[in-house]
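First the structure, in the form of structure tokens, and then the observations on it.
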Amino acid sequence: MPHISLDEVTMRFGDIYAVKDIDLVIRDGEYLTILGPSGCGKTSLIKIICGLWTPTEGRVSIDGVDVTDVPIEDRHVGYVFQNIALFPHMKVLKNVSFGPRMQGRTVEEGREIAEKSLRLVNMLERLEMFPRELSGGEQQKVSIARALASGARLMLLDEPLSALDARVRMDLRYEIRRLVKDLGITVVHVTHDQDEAMSVSDRIVVMRNGGIVETDTPMRLYRRPNNLFTAYFIGETNLMEGMVSGKDDRNLLVRLRDGTDVKVGGNRHFQVNDGVILSVRPEYVYTAKEGLHSTVLQVIYLGSYWRVVTRSNSADIVEYNIPKHREPPAIGDKVSLVFNRKMSMVYKRPREGTSEAIRLE
């Protein structure tokens, strides 16, 4: 199982940076997901890791060996592409055995390796079929089997599920994680799908504008992100501008634009009069007799719950959830909203403005 290290890696095309000053360690046997909006540098980074691209600056190491200038065929990596890249004129068996045959294995050895890999992804019964005879999910399973058959210790997945139907995506992502964990393979998985990243990863790298915003476990990135962009990009959240109006050893008071004071736990490094952004996820917003006065703009049925969209007296759009068995308010109703003190987050108000700080492109 390889241990990968990227040290000050930069990829530049003229004056344009694909990735810039990337420092990252990927642990043995880890399932690491690189998550970010389109154009943030995710695919550029994975191409550098696998050896398709040589960085302009910096170093890539695998198991302590500098492989910055080593081509992809000598890195022992398996690459699964977004656009399923099977040979259309070859049946499944020949597609999967192609790698071993190119490595000098005999026909019998290649078949044995291919059958073992196909068995792992539950596709052995399809070995005599052409790619056109398979569904999209089955084709991607064959792509994964082909990567496994190459003897790869490191699996690189570049948006491998984005072309598939939602139900197939969900089933296959869990199957991939189970498979690689059983085999002890190190995985780097690129995606823009938050649900996909949250459900399969040991750690997530959040990228924006060619750089790493932050890296942590899915739970910590969702519950306690260090960065305002991460709070906005992962999951859903309500963002409200305010200022610190008071503090003690345990709590802050954040005064919103309409004068409502909101108590927030922790965040001791802020001082009174600091400009801040309050972030509260919809599941931690509740109605009460007294709170942030708001007017209901929209009520959306989402199957397991209702989503209520309001505009507060502070001019903020605030959303909250109601269990499906409860009667939702009507459009135009007045509600008062309070926030879970422990699950509310506070960030320094960005100089460039909130909209610019959370902009996806």
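The values are calculated or read from the model by the stated rules, or taken from the named source; none is laboratory data. Keep in mind the model is a prediction, meaning the values are calculated, not measured. Glycine gets a Cβ as well: all are built from the backbone with ideal geometry, and neighbour counts include every protein chain shown.
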Conditions (1) touching a Gly at 6+ places or on another chain (Cβ under 9 Å); (2) assigned to a loop (DSSP other than H, G, I, E, B); (3) of a type outside the set (A, V, I, L, M); (4) surrounded by 20 or more Cβ atoms within 10 Å (Cβ to Cβ); number of the one not met by ASP28: (4)
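In this structure, does TYR174 turn out to be assigned by TED's automatic domain parsing to the domain that holds PHE81, among the aromatic types (Phe, Trp, Tyr) and over 14 Å from the mean Cα position of the chain (by Cα)?
Details: assigned by TED's automatic domain parsing to the domain that holds PHE81: yes; among the aromatic types (Phe, Trp, Tyr): yes; over 14 Å from the mean Cα position of the chain (by Cα): yes.
Against the criterion (assigned by TED's automatic domain parsing to the domain that holds PHE81, among the aromatic types (Phe, Trp, Tyr) and over 14 Å from the mean Cα position of the chain (by Cα)), TYR174 qualifies.
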Among the helices (runs of 4 or more DSSP H) confined wholly to segment 136-200, which include 3 or more residues that are touching a helix residue (DSSP H, G or I) at 6+ places or on another chain (Cβ under 7 Å) and free of Cβ contacts under 8 Å to residues at least 60 places away in the same chain? 136-149, 166-183
Wholly enclosed strands (runs of 3 or more DSSP E) of segment 202-269 bearing at least 1 residues out of contact with any Phe, Trp or Tyr (no Cβ under 7 Å at 6 or more places or on another chain) and closer than 25 Å to VAL180 by Cβ: 203-208, 211-216
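Whether any residue in segment 279-299 is within 20 Å of PRO350 (Cα to Cα), surrounded by 15 or more Cβ atoms within 10 Å (Cβ to Cβ), modelled with pLDDT of 95 or more and not basic (Lys, Arg) is what I want to check.
Within segment 279-299, one or more residues are within 20 Å of PRO350 (Cα to Cα), surrounded by 15 or more Cβ atoms within 10 Å (Cβ to Cβ), modelled with pLDDT of 95 or more and not basic (Lys, Arg).
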Between a first residue in segment 240-252 that is within 24 Å of HIS293 (Cβ to Cβ) and a second residue that is of a type outside the set (A, V, I, L, M) and assigned to a strand (DSSP E or B), which pairs have beta carbons less than 7 Å apart while being 6 or more apart in sequence or on different chains? GLY242/ARG255; MET243/ARG255; MET243/GLY275; SER245/ARG255; SER245/ASP261; ASN251/LYS263; ASN251/GLY265
VAL308 vs (1) in the same structural domain as LEU35 (by TED's automatic domain parsing); (2) buried (at least 20 other Cβ atoms within 10 Å of the Cβ); (3) outside any loop (DSSP other than H, G, I, E, B): all pass except (1)
What is the one condition in (1) among the polar types (S, T, N, Q); (2) farther than 23 Å from MET219 by Cα; (3) surrounded by 13 or more Cβ atoms within 10 Å (Cβ to Cβ) that SER355 does not satisfy? (3)
When you scan segment 6-53, how many residues do you find that are polar (S, T, N, Q), out of contact with any Phe, Trp or Tyr (no Cβ under 8 Å at 6 or more places or on another chain) and modelled with pLDDT of 95 or more? 1
Being touching a helix residue (DSSP H, G or I) at 6+ places or on another chain (Cβ under 9 Å), of a type in the set (Gly, Ala, Ser), closer than 26 Å to LEU6 by Cβ and assigned by TED's automatic domain parsing to the domain that holds ILE185 is true for just one of ALA114, ALA85. Which residue is that? ALA85
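For (1) assigned to a loop (DSSP other than H, G, I, E, B); (2) touching a Gly at 6+ places or on another chain (Cβ under 8 Å); (3) in contact (Cβ under 8 Å) with a residue 60 or more places away in the chain; (4) under 29 Å from GLY137 (Cα atoms), each residue gets a yes or a no:
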{"position": "LEU24", "(1), (2), (3), (4)": "no, no, yes, no"}
{"position": "SER38", "(1), (2), (3), (4)": "yes, no, yes, yes"}
{"position": "ILE48", "(1), (2), (3), (4)": "no, no, no, yes"}
{"position": "SER61", "(1), (2), (3), (4)": "no, no, no, no"}
{"position": "PHE87", "(1), (2), (3), (4)": "yes, no, no, yes"}
{"position": "VAL96", "(1), (2), (3), (4)": "no, no, no, yes"}
{"position": "GLY110", "(1), (2), (3), (4)": "no, no, no, yes"}
Would you check which residues across segment 201-216 are in contact with an Asp or Glu (Cβ under 7 Å, 6 or more places away or on another chain) and surrounded by fewer than 22 Cβ atoms within 10 Å (Cβ to Cβ) and list them? ASP202, ARG203, GLY211
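Taking the conditions exactly as written (in contact with an Asp or Glu (Cβ under 9 Å, 6 or more places away or on another chain), surrounded by fewer than 16 Cβ atoms within 10 Å (Cβ to Cβ) and among the small types (Gly, Ala, Ser)), does ALA330 satisfy them or not?
So ALA330 does not fit the description; no.
For every residue, the table says whether it meets (1) among the small types (Gly, Ala, Ser); (2) more than 16 Å from ARG153 (Cα to Cα); (3) crowded, with 21+ Cβ neighbours inside 10 Å.
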{"position": "ASP7", "(1), (2), (3)": "no, yes, no"}
{"position": "ILE22", "(1), (2), (3)": "no, yes, yes"}
{"position": "LYS42", "(1), (2), (3)": "no, yes, yes"}
{"position": "SER61", "(1), (2), (3)": "yes, no, no"}
Which of the residues belonging to segment 121-136 are within 18 Å of PRO160 (Cα to Cα) and either crowded, with 18+ Cβ neighbours inside 10 Å or in contact with a strand residue (DSSP E or B) (Cβ under 9 Å, 6 or more places away or on another chain) (or both)? VAL121, MET123, PRO131, LEU134
